[in-house]
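Read through the structure below, which is laid out as structure tokens, and then see the notes.
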Amino acid sequence: MRLKLLIILIIFSIIIGVSAGGYLAINKGIPSLKELKQYRTSEVTKIYADDDSLIGELKVEKGIFVPLNALPEHLTNAVIAVEDSRFWKHKGIDYIAIARALIKDIIYFELKEGASTITQQLAKVMFLTPEKTFKRKLREAALAIKMEKNLTKKEILELYINKVYFGHGAYGVEMASKIYFGKSVREITLSEAALITGLIKAPAVYSPYNNLTKAKDRQRIALSRMEDEGYIKRSEKENALKQPIHLSSVRKGIEANNYFIEYIRKYLEEKYGEETVYKGGLKVYTTLDRKSQLSASKALQEGLREFDKRRGWRGPLEHRKDIKIEKELKSKDLIASVVTNPGEISTGLVLKVTEKEALIKTRGIVGKLSIEDARWASKIIDSKKGARKVLKDFKLTQILQPGDVVKVSIKSIRGHNAQLSLEQEPAVEGAVVALEPHTGFIRVILGGYDFTRSEFNRAVFAKRQPGSAFKPIIYAAAMDHGFTPASTIADEPVTYTGGPKGDWSPENYDHKFYGPTRLREALAYSRNVVTVKLVESMGIKSVIDFARTLGIQREMPRDLTIALGSISITPLELASTYNVFASNGMRVKPIAIKYIMDSKGMILESNEPEAEQAISPQTAFLITSMMQDVVKYGTGWRAKSLGRPVAGKTGTTNEYRDAWFVGYTPDLVAVVWVGFDDMKPLGPQETGARAASPIWVSFMRDVAKGDAEEFFQPEDGIVSFTIDPATGLLSKVEGAGIKEYFKKGTEPKQFAPSTSQWKIREEQTNLNFD
């Protein structure tokens, strides 16, 4: 025992001597504290949604600043009790705490306890790197002493609480409170304050989103420390521990806005410069619709996960051999102590597996996974070879074993029983863009599955081939070049010779030919051969010129492959192009920012809708009418379930590398794209109709506004006649035939032969194409 005490005294003396001796040398490299004094007054750029709610801030410092006097007392007390109980007494370095920690470290012959004060932690957060070196520790101590001489205790505590990291992108208590509980820090309870405080030590480890049991354990420690320091009574501690934890889904809403905010940030930096953006105190009022953005994020994530499940199971994330399964099974937390959002994805640890059921621990809850909620994983993918195979007589023991780490969602909770579903994070990506017709207001920009996974904004920057989603541009051009929806073109084999890649014989998706086909029907069923012949009839230059009139300024191939969408275009550009059709032929400039004010309230920029007539309202109506039939009985049939007028078109590129659905109602244009970043094929049958349109429908169902009976109204100069569907000519038989729209003066002048045995061609039974 004497030897241990001697060792402690020697080491302690060395530390004091080295610290004092090295202070002068290290102090020379300490940065100025001037910026600390200016922290509260630095002006940041604030970004607002269309409803004037704050959605983001652009600044050098991270977090949302809240003055110390506006924070709940139980929160500041919790932080002091847990992180630095002698905060009000020491001068930046707590030598008593150092000695206490040193004694424990020597007694246990390992590092058991830290001794960094709040001031030291603040110094590390604001000025130093996280490296664990003796030099960095000395700089931390020197800076802490300097801070204590230049700042008051309240200023130090205020800075610390507003700067420290709480996990999931939350810097400072205000962001933490909103992300974990969906409310301002001013409103949090003692129970919630203790849980947030417990995160500071290791946010990833103690996050309730990651592990509820560990979060509750830290909460209990925080409350106990508050009791020990006299901040609360035992009864208050016990009552706080009984309170349920209402975890918020606001985190998803905040994350959903990130792609749009990044789009705004790039624009602001390019136009106004970084100095103005990050220190100028701008107020930027945007066109973002928060509900639509969140709905798009939810629809895209769910749709991509469903797609990924069709591809197959890629295996567990990892396998842990260091887990004591029996101990984990016994450490169940009360399910009633947490309020979760069903469907949220989290990481789980497999504890036990039988052929039909598995026990998995996630967020501190031990739930059951039945074989039915994992049956999609009977198709597995070889991670090395990429080969797929289907497991016969599927059993859970074929894909899971104790110690596996997997993704799961909580399907339901009843009493103390939780039912789980097996999930996996998709490798595929996607994008969603939504514009408001006539104004051009950008309501949604979603550039990927998860901004934290990939910040690349595919909605704005991914140049992909649209495939058949380009066909409406061709058919609209045809309406301006002497064709009508009733015009017929022979759908039959054709070969074009002399091309750069040799002879080319275009085929339809199903490798069949259908003879004379009306253009309306050809677009509805996305007939490739008819479309190629249509471009040949008009001339490639005419098609390109028309596309430029719609606003497409990119380079376009000057060959017949343009008929099948061989150009490269971004989702935002394609949405803007379709918006011409939805806006009665008006080309409307997309607008993301309504206006910008400087720190003095002066308007720097104001954007009003800008529109010019690009094509005639009659042409816009005809192509809209034709795309309505794409939805009614063609490749876009899934959108019919929306229960309101919809015009749209699917798109699929060669080898299923891209899947699209572009569609609009009278009040919203929306584009969905699905694909791999490396251009890898999506897989057999993964067309726009199958991979993209369900996402579009899910999104639009959630955000559709207005009267479901609102229609796309015919324009002046549009007439309708009854035609023979087999020939496209006027019908002689009274009451027989189908109604068709024409521009006035372009209607057929001839009647169909009386011998014509017309009948509408049978609708195809398998519409999962294109």
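The values are calculated or read from the model by the stated rules, or taken from the named source; none is laboratory data. Treat the numbers as computed from the prediction; the structure is a model and nothing was measured. All Cβ positions, glycine included, derive from the backbone under ideal geometry; neighbour counts span all protein chains shown. For the accessible areas, the whole protein counts, side chains as well, though only heavy atoms, and no ligand, DNA or RNA atoms are used. Shrake-Rupley method; radii C 1.70, N 1.55, O 1.52, S 1.80 Å.
For segment 561-581, a residue qualifies if it is crowded, with 19+ Cβ neighbours inside 10 Å, within 26 Å of the chain's Cα centre (by Cα) and in contact (Cβ under 8 Å) with a residue 60 or more places away in the chain, and the qualifying residues are 569, 570, 571, 572, 574, 575, 576, 577, 578, 579. Among the conditions (1) open to solvent by less than 30 Å² (accessible area, probe 1.4 Å); (2) under 38 Å from the mean Cα position of the chain (by Cα), the only one that residue 147 does not satisfy is (2). So, residue 358, is that one at pLDDT 95 or above and part of a strand (DSSP E or B) or not? In short, yes.
Kindly indicate whether residue 213 is open to solvent by 10 Å² or more (accessible area, probe 1.4 Å) and out of contact with any helix residue (DSSP H, G or I) (no Cβ under 9 Å at 6 or more places or on another chain).
Details: open to solvent by 10 Å² or more (accessible area, probe 1.4 Å): yes; out of contact with any helix residue (DSSP H, G or I) (no Cβ under 9 Å at 6 or more places or on another chain): yes.
In short, yes.
From 80, 98, 103, 107, grab the single residue that is modelled with pLDDT of 85 or more and assigned to a helix (DSSP H, G or I).
On the way: 98 fails: modelled with pLDDT of 85 or more; 103 fails: modelled with pLDDT of 85 or more; 107 fails: modelled with pLDDT of 85 or more.
Unique residue meeting the criteria: 80.
For segment 468-477, indicate whether the set of residues that are over 14 Å from residue 575 (Cβ atoms), touching a strand residue (DSSP E or B) at 6+ places or on another chain (Cβ under 9 Å) and open to solvent by 10 Å² or more (accessible area, probe 1.4 Å) is non-empty. Checking segment 468-477: not a single residue is over 14 Å from residue 575 (Cβ atoms), touching a strand residue (DSSP E or B) at 6+ places or on another chain (Cβ under 9 Å) and open to solvent by 10 Å² or more (accessible area, probe 1.4 Å). Scanning segment 378-403 for residues that are out of contact with any Lys or Arg (no Cβ under 8 Å at 6 or more places or on another chain) and open to solvent by less than 30 Å² (accessible area, probe 1.4 Å) yields a total of 3. Checked across segment 512-529, the condition of being over 29 Å from the mean Cα position of the chain (by Cα) and without any contact (Cβ under 8 Å) to a residue 12 or more places away in the chain holds for at least one residue. Condition (residue is part of a loop (DSSP other than H, G, I, E, B) and either over 32 Å from the mean Cα position of the chain (by Cα) or hydroxyl-bearing (Ser, Thr, Tyr) (or both)) applied to segment 621-634: is it met by at least one residue? No, segment 621-634 contains no residue that is part of a loop (DSSP other than H, G, I, E, B) and either over 32 Å from the mean Cα position of the chain (by Cα) or hydroxyl-bearing (Ser, Thr, Tyr) (or both). Name the single residue, out of those in segment 165-198 being closer than 21 Å to residue 117 by Cα and open to solvent by 10 Å² or more (accessible area, probe 1.4 Å), that is nearest to the chain's Cα centre (by Cα). Once the filter is applied, the top-ranked residue is 171.
Being in contact (Cβ under 8 Å) with a residue 24 or more places away in the chain, hydroxyl-bearing (Ser, Thr, Tyr) and not in a loop (DSSP other than H, G, I, E, B) is not true of residue 722. Confirm whether residue 275 is at pLDDT below 95 and open to solvent by 80 Å² or more (accessible area, probe 1.4 Å). For residue 275, the condition - at pLDDT below 95 and open to solvent by 80 Å² or more (accessible area, probe 1.4 Å) - is met. Considering only residues in segment 486-506 that are among the charged types (D, E, K, R) and modelled with pLDDT of 95 or more, the one that is nearest to residue 747 (Cα to Cα) turns out to be 491.
Restricting attention to segment 185-199, which residues are part of a helix (DSSP H, G or I) and over 16 Å from residue 167 (Cβ atoms)? Please lay out each step first, then the result.
Initial filter on segment 185-199 (part of a helix (DSSP H, G or I)): 185-187, 190-198.
Within segment 185-199, 186, 187, 190, 191 meet the criteria.
If you filter segment 664-706 down to residues that are polar (S, T, N, Q) and part of a loop (DSSP other than H, G, I, E, B), you find that the one that is modelled with the highest pLDDT is 687. Listed by first and then second residue, the pairs with beta-carbon distance under 6 Å, at least 6 apart or on different chains, first residue in segment 281-304 and farther than 17 Å from residue 671 by Cβ and buried (at least 22 other Cβ atoms within 10 Å of the Cβ), second of a type in the set (Gly, Ala, Ser) and at pLDDT below 95, are 294/253; 294/256. Figure legend. Inter-residue proximity from segment 82-109: first residues more than 18 Å from residue 222 (Cβ to Cβ) and of a type in the set (D, E, K, R), second residues at pLDDT below 70 and assigned to a loop (DSSP other than H, G, I, E, B), beta-carbon distance below 6 Å, spacing 6+ or different chains. Indicated pairs: 104/112; 104/113; 105/111; 105/112. Name the residue that is surrounded by the most Cβ atoms within 10 Å (Cβ to Cβ), counting only residues in segment 626-643 that are over 16 Å from residue 474 (Cβ atoms) and among the polar types (S, T, N, Q). Filtering first and then ranking leaves 628.
Once segment 531-560 is narrowed to residues that are surrounded by fewer than 19 Cβ atoms within 10 Å (Cβ to Cβ) and closer than 17 Å to residue 654 by Cα, the residue that is nearest to the chain's Cα centre (by Cα) is 557. The single residue among 388, 375 that is modelled with pLDDT of 95 or more and basic (Lys, Arg) turns out to be 375.
Residue 649 meets the conditions (1) buried (at least 24 other Cβ atoms within 10 Å of the Cβ); (2) at pLDDT below 95 in every case but one. The failed one is (2).
Report whether or not residue 619 is under 19 Å from residue 565 (Cβ atoms) and of a type in the set (Val, Ile, Thr). Break it down stepwise before answering.
Working: under 19 Å from residue 565 (Cβ atoms): no; of a type in the set (Val, Ile, Thr): yes.
In short, no.
Among residues of segment 582-608 that are under 17 Å from residue 666 (Cα atoms), those with a Cβ under 6 angstrom from a residue that is charged (D, E, K, R) and exposed (fewer than 15 other Cβ atoms within 10 Å of the Cβ), sequence gap 6+ or separate chain, pair up as 587/612. Run residue 603 past the list (1) surrounded by 24 or more Cβ atoms within 10 Å (Cβ to Cβ); (2) closer than 25 Å to residue 263 by Cβ; (3) of a type in the set (Val, Ile, Thr); (4) over 26 Å from the mean Cα position of the chain (by Cα) and report the number of the one that doesn't hold. Condition (1) is where residue 603 drops out. Of all the listed residues (195, 212, 190, 199), the sole one being out of contact with any strand residue (DSSP E or B) (no Cβ under 8 Å at 6 or more places or on another chain) and more than 16 Å from residue 121 (Cβ to Cβ) is 190. For segment 210-255, taking the residues that are in a helix (DSSP H, G or I) and of a type in the set (Val, Ile, Thr), the one that is modelled with the lowest pLDDT is identified as 250.
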